[in-house]
Structure formats: C-alpha cells, structure tokens
Amino acid sequence: SFPTRRSSDLATIPVTLTVNEYGGAVTRTKRLSLHSFFDVDEAAVRSTAALSADVMDELVQDVLVTGTQIIRANGRTATNLVTATDYMKATDVRKAFTKLKRNKVPTWGNDLYAGGVHPDVLHDLREESGSGSWRQPMEYAGGGMIWNGEFGALEGVRFVTNTRNRTATDGASSAKVYRSFIQGRQAIAESAIEEPHIVIGPVVDKLGRFRTVGWTAVIGWCLYRNESLIVHQASSSVAAL
C-alpha cells in the first residue's frame, strides 16, 4: 500500500515579486565626435550595454545572496570563520550537486546544474591537483581543455565566470569572501513586463548636435525555490592581485 498524500502537503506557498523600472542613457555631442580619436558612437553603445549588464547582475544577485543553503570552503560553519586560505575545491562542487539532487531540483539539461563564480574562485578550482580534482583527469585526457583555457563542467555543474560576483571582507581577520551561486531550475522567478531593450533618444537640438542612446526595462526577480540554490563562500589565493 502507498501512503495517501494529505492536502496540507500541497499547500500553496506564495512569494512576493516586485517589479520596477530600470534604465540609463548616454548622450554624445557632435563636437566630441568630430574631435575625438575614437568612435564615439561605438563607445556610447558599449557603455550602454555595460550599464545594462551591471545593473541586472546586481539586481539578480540581490536575490541570490538571500539563499540560505550555504556551503563554505573547508567546512567552515560561519562566514566570519572563512580564512584567506579557504578555497573552493572539487569536493564542494560534489556536495552542492548532491544536495540539489537530493532536493529533486531539475537540471538545465544534460543533467547539469549552473555555477556562477568569480574568476578568482575558478582560478583556485583549476589549480587544485590530486585525485578527484579537475586538473588531473584533464591532463591524462590529453590536456586540450587546459591548453585552450577552457573549464566547462565539473561534477555535474557547468561553470561561467563573472567579475561582478559578490565579495565582502567579512571573513576571519577581514578576509575577502567570494559568493558563488550553484543552481538548478526554479531557484529564482522573473517577471518582465518590459524586456530590457535599447532606446534611441529623439534629436531635439535644432542643429542635430546631441544624440542619445539608452536602455530601459520594467522587470523584477525574487527567490522562488530556496531548495534549488546553493550559495558557496570561499576565499581566493589571488584575492590580493
């Protein structure tokens, strides 16, 4: 016989998602364009794209850092106990993968979860040697990925790097602690009333000297399923570089 699922097991748990308007703009002048040694229009577009990426990265991380499933390097039990020599290791990745699997978290495809880490953290993960690490099997496999500077997936997690991953000097003796985010589907929810997009401003100057390019969005995020997110805390051997 099988146990009967109670109605209370299927209770709806609401989440609150706040949507706001975000955006920014860059105005270039005809004088700057004529006297500059570089392409001002290209610089304006690049600046606008960078601003959009920076803002959305920070907004999403405002949500991700609220996750309560925390794994710390070397098994530290609190953030203020993370030392300057506590680095992310393959065993931490295995623990995160196991916990997500145990929580029945759906993957992103190919049975892989997503890991967003700072390049400093990935540096230490790539430097780790010995049995069970990333480097040793890659060396025995011919070294192609090492030569190309690729990382890819490790222990069921596909990694991407972002220099904007959160850091804070809240470790032991004010050590710099990096936040990494390993997640599957359903970790966060997004509502985009207006997707991020480029806006070309009107030319209101009679002589056409001022041109504006910007971006805007009406969007928001919230933590949707805490069980789908692992927040990892570690230091880095290259934190002082």
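Looking only at region 214-241, count every residue that is farther than 30 Å from VAL105 by Cα and either open to solvent by less than 20 Å² (accessible area, probe 1.4 Å) or in a loop (DSSP other than H, G, I, E, B) (or both) and tell me the total.
The qualifying residues number 7.
Restricting attention to region 8-21, does a residue exist that is within 22 Å of PRO202 (Cβ to Cβ), modelled with pLDDT of 85 or more, touching a helix residue (DSSP H, G or I) at 6+ places or on another chain (Cβ under 7 Å) and not in a helix (DSSP H, G or I)?
Looking through region 8-21, none of the residues is within 22 Å of PRO202 (Cβ to Cβ), modelled with pLDDT of 85 or more, touching a helix residue (DSSP H, G or I) at 6+ places or on another chain (Cβ under 7 Å) and not in a helix (DSSP H, G or I).
Count, please, the residues in region 160-179 that happen to be outside any loop (DSSP other than H, G, I, E, B) and surrounded by fewer than 21 Cβ atoms within 10 Å (Cβ to Cβ).
Within region 160-179, residues that are outside any loop (DSSP other than H, G, I, E, B) and surrounded by fewer than 21 Cβ atoms within 10 Å (Cβ to Cβ) number 7.
Listed residues MET145, MET138; which is buried (at least 19 other Cβ atoms within 10 Å of the Cβ) and either part of a strand (DSSP E or B) or modelled with pLDDT under 90 (or both)?
MET138
Just one of (1) out of contact with any Phe, Trp or Tyr (no Cβ under 6 Å at 6 or more places or on another chain); (2) surrounded by fewer than 19 Cβ atoms within 10 Å (Cβ to Cβ); (3) part of a helix (DSSP H, G or I) trips up VAL60, so point out which.
Against the list (1) out of contact with any Phe, Trp or Tyr (no Cβ under 6 Å at 6 or more places or on another chain); (2) surrounded by fewer than 19 Cβ atoms within 10 Å (Cβ to Cβ); (3) part of a helix (DSSP H, G or I), VAL60 comes up short only on (1).
I need the full set of residues from region 105-130 which are within 19 Å of LEU64 (Cα to Cα) and open to solvent by 40 Å² or more (accessible area, probe 1.4 Å), in order please.
Result: PRO106, TRP108, PRO119.
Any chance you could count how many residues in region 180-211 are touching a Ser or Thr at 6+ places or on another chain (Cβ under 6 Å), open to solvent by 40 Å² or more (accessible area, probe 1.4 Å) and either over 17 Å from GLU21 (Cα atoms) or part of a helix (DSSP H, G or I) (or both)?
So the answer is 3.
Please state which one of ARG31, ARG46, ARG94 is of a type in the set (D, E, K, R), open to solvent by 80 Å² or more (accessible area, probe 1.4 Å) and farther than 30 Å from LYS206 by Cβ.
ARG94
Within region 82-90, is there a residue that is basic (Lys, Arg), assigned to a loop (DSSP other than H, G, I, E, B) and open to solvent by 30 Å² or more (accessible area, probe 1.4 Å)?
Taking every residue of region 82-90 in turn, at least one turns out to be basic (Lys, Arg), assigned to a loop (DSSP other than H, G, I, E, B) and open to solvent by 30 Å² or more (accessible area, probe 1.4 Å).
Could you please give the count of residues in region 63-81 that are part of a helix (DSSP H, G or I) and touching a residue at least 24 places away in the same chain (Cβ under 8 Å)?
Of the residues in that region, 6 qualify.
The values are calculated or read from the model by the stated rules, or taken from the named source; none is laboratory data. Here the structure is a predicted model, which means the values were calculated and not measured. Reconstructed Cβ throughout: ideal geometry from the backbone, glycine too, with neighbour counts over all protein chains shown. Just so you know, the surface numbers come from the protein's heavy atoms only, side chains and all, with ligands and any DNA or RNA stripped out. Shrake-Rupley method; radii C 1.70, N 1.55, O 1.52, S 1.80 Å.
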